[in-house]
Amino acid sequence: MKERKTFYWSNIEGWGSIIINIILFFIKYWAGILTGSIAIIADAWHSLSDSISSIIVLTGTKISRKPADKKHPFGYGRAELIASVIIGVFLSVIAFEFVLKGIGRLEQHQEVVYNLTAIIIITISILIKELLAEFAFWTSKKTKLQVLRADAWHHRTDAISSAVILSGILLGKHLWWIDGVLSILVAILIFYAAYEILKDGISPLIGEEPDEKLISRIYSISNDVAGFDTHIHHLHIHKYGSHIELTFHIKLPKDMIFEEVHNISSNIENKIKKDLDIDATIHMEPLLNDKG
């Protein structure tokens, strides 16, 4: 049921983003051609890149739903992290391209005259892209999918870049260099979004230590189940998308019989699964003295 809901919301976000961004691309590209603005054309390609990133979202989440097999015993959950890294790299390439175009426009002293049509189109784009970003952030929280959060940042940078362009249009009517500068500013915003996405995607792939809140919760569950301090140590957590594997050591009284040791460990594992939806594997050690 949980996987079906995750797939449902990722599909809604992905397909909605693809359709809306393709429409925005053609409208903004037309406005860019009409005014000769490289900044608006850059913004149009940014919108189209959102559609491509959403295709990556759909592909990544579909692969991540594949069940575990002999070759991949922990499933394909990290596929969505890989998809978010691809989006980050893709954004970086787009940003670099528009830095070069902005510099080229400044070197050529090219001036752009904006019109009311461009202002209306950019304003509508800002509103639509921010709505898409809010929806993608909401779905990422609901599904706990990093790739949806990456897509949300992609939408938001598009909204921010459009806002930067709009402010330039309104404030810089008599500044010949404004379009080239705006193009570079948009690229910087895209670079920042790419950095955030890559940071959040690569770190879990490399491996992270459990956060303090989770460690505290595991301590609490283990000690409550056992009825005494289990001296938890050597915690390792491995995330495979929504599937999480946890291993740790506990210490139990050395005179405790094997069946009791087994029952305590199993009960702790079951409680962690029930409360935290984490598959835990526990290694038991004898408590040799009061200090452990």
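The values are calculated or read from the model by the stated rules, or taken from the named source; none is laboratory data. These numbers come from a predicted model, not from an experiment. Neighbour counts are summed over all protein chains in view; Cβ atoms, including those assigned to glycine, are modelled from backbone coordinates with ideal geometry.
The figures follow:
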{"item": "Inter-residue pairs, beta-carbon under 8 Å, first within 27 Å of Thr59 (Cα to Cα) and at pLDDT 85 or above and in the stretch 15-36, second polar (S, T, N, Q) and not in a helix (DSSP H, G or I), 6+ apart", "result": "none"}
{"item": "Check on His249, on the phi > 0 side of the Ramachandran plot and modelled with pLDDT of 90 or more", "result": "no"}
{"item": "So Asp69, is it over 19 Å from the mean Cα position of the chain (by Cα), within 23 Å of Leu185 (Cα to Cα) and not hydrophobic (A, V, I, L, M, F, W, C)", "result": "no"}
{"item": "Single unsatisfied condition, Ser167 versus (1) among the hydroxyl-bearing types (Ser, Thr, Tyr); (2) without any contact (Cβ under 8 Å) to a residue 24 or more places away in the chain; (3) within 18 Å of Ser49 (Cβ to Cβ)", "result": "(3)"}
{"item": "Residue tally, condition of a type in the set (Gly, Ala, Ser), closer than 15 Å to Gln146 by Cβ, buried (at least 18 other Cβ atoms within 10 Å of the Cβ) and not assigned by TED's automatic domain parsing to the domain that holds Leu91, over the stretch 190-246", "result": "1"}
{"item": "Residue within the stretch 37-44 that is more than 17 Å from Ala118 (Cβ to Cβ) and not in a helix (DSSP H, G or I) present", "result": "no"}
{"item": "Qualifying residue in the stretch 3-11 (condition: over 26 Å from the mean Cα position of the chain (by Cα) and either more than 30 Å from Asp279 (Cβ to Cβ) or modelled with pLDDT of 75 or more (or both))", "result": "no"}
{"item": "Enumeration of residues in the stretch 189-213 that are farther than 20 Å from Ser162 by Cα and among the aromatic types (Phe, Trp, Tyr)", "result": "none"}
{"item": "Residue match in the stretch 258-270 (condition: buried (at least 17 other Cβ atoms within 10 Å of the Cβ), at negative phi and under 33 Å from the mean Cα position of the chain (by Cα))", "result": "yes"}
{"item": "Unique match (being assigned to a helix (DSSP H, G or I), at pLDDT 75 or above, crowded, with 22+ Cβ neighbours inside 10 Å and in the same structural domain as Ala194 (by TED's automatic domain parsing)) among Ile82, Ile87", "result": "Ile87"}
{"item": "Qualifying positions in the stretch 148-168 - more than 24 Å from Ile18 (Cβ to Cβ) and either out of contact with any helix residue (DSSP H, G or I) (no Cβ under 6 Å at 6 or more places or on another chain) or aromatic (Phe, Trp, Tyr) (or both)", "result": "Ser167"}
{"item": "Boolean, Leu148 is surrounded by fewer than 19 Cβ atoms within 10 Å (Cβ to Cβ) and part of a helix (DSSP H, G or I)", "result": "no"}
{"item": "Any hit, the stretch 171-186, residues being crowded, with 16+ Cβ neighbours inside 10 Å and outside any helix (DSSP H, G or I)", "result": "yes"}
